[in-house]
Amino acid sequence: MLYKLVYPQWVFINRGNHESALVNVRHGFQKELLQKYPQDLFLFEFFGELFKWIPVAHLINDKIFVIHGGLPDQPDLKIEDIRQKK
């Protein structure tokens, strides 16, 4: 996050599938935070709010499409199919 603040035009951060409150509760992020910082639910809520502001995708220089986790599981999916679904 610090690099993003210092170099906003050069650093791109995407939100992944684990940056949602429900997934973070189910997969132990909340538990881990509470173990390290007991009785500080604010920290978990703070991360949740921060994650909401991180985009799920970027288009860099109108040429490079960046998304966490890749594309849908469709072996015959082509880039033309994605372009048509604007």
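The values are calculated or read from the model by the stated rules, or taken from the named source; none is laboratory data. Everything quoted here is computed from the prediction, not taken from an experiment. Cβ placement follows ideal geometry from the backbone for every residue including glycine, while neighbour counts extend to all protein chains displayed. Protein only, heavy atoms only, side chains kept; ligands, DNA and RNA dropped before computing areas. Shrake-Rupley method; radii C 1.70, N 1.55, O 1.52, S 1.80 Å.
Considering only the other residues whose Cβ falls under 12 Å of the Cβ of G48, what net charge follows from Lys and Arg at +1 and Asp and Glu at -1? Don't skip to the end; give the middle numbers.
Working: positive: R15, K52; negative: E19, E45, E49.
Once all neighbours under 12 Å are counted, the net charge is -1.
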For the chain, the spread of Cα positions along each principal axis, largest first, Å = 50, 33, 17
Close Lys-Lys pairs in the chain, where close means Cα under 23 Å and separation is 8 or more or interchain = 9
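Considering only protein heavy atoms and a 1.4 Å probe, what is the carbon-and-sulfur percentage of the accessible area of the chain?
On the way: 4550 of 7650 Å².
Carbon and sulfur together cover 59 percent of it.
What does the accessible area per residue of the chain come to in Å², with a 1.4 Å probe and no ligands, DNA or RNA counted?
Accessible area per residue: 89 Å².
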About the Cα centre of the chain, what is the dipole size in debye to 20, counting +1 per Lys and Arg Cβ and -1 per Asp and Glu Cβ, all else neutral?
-> 120 debye
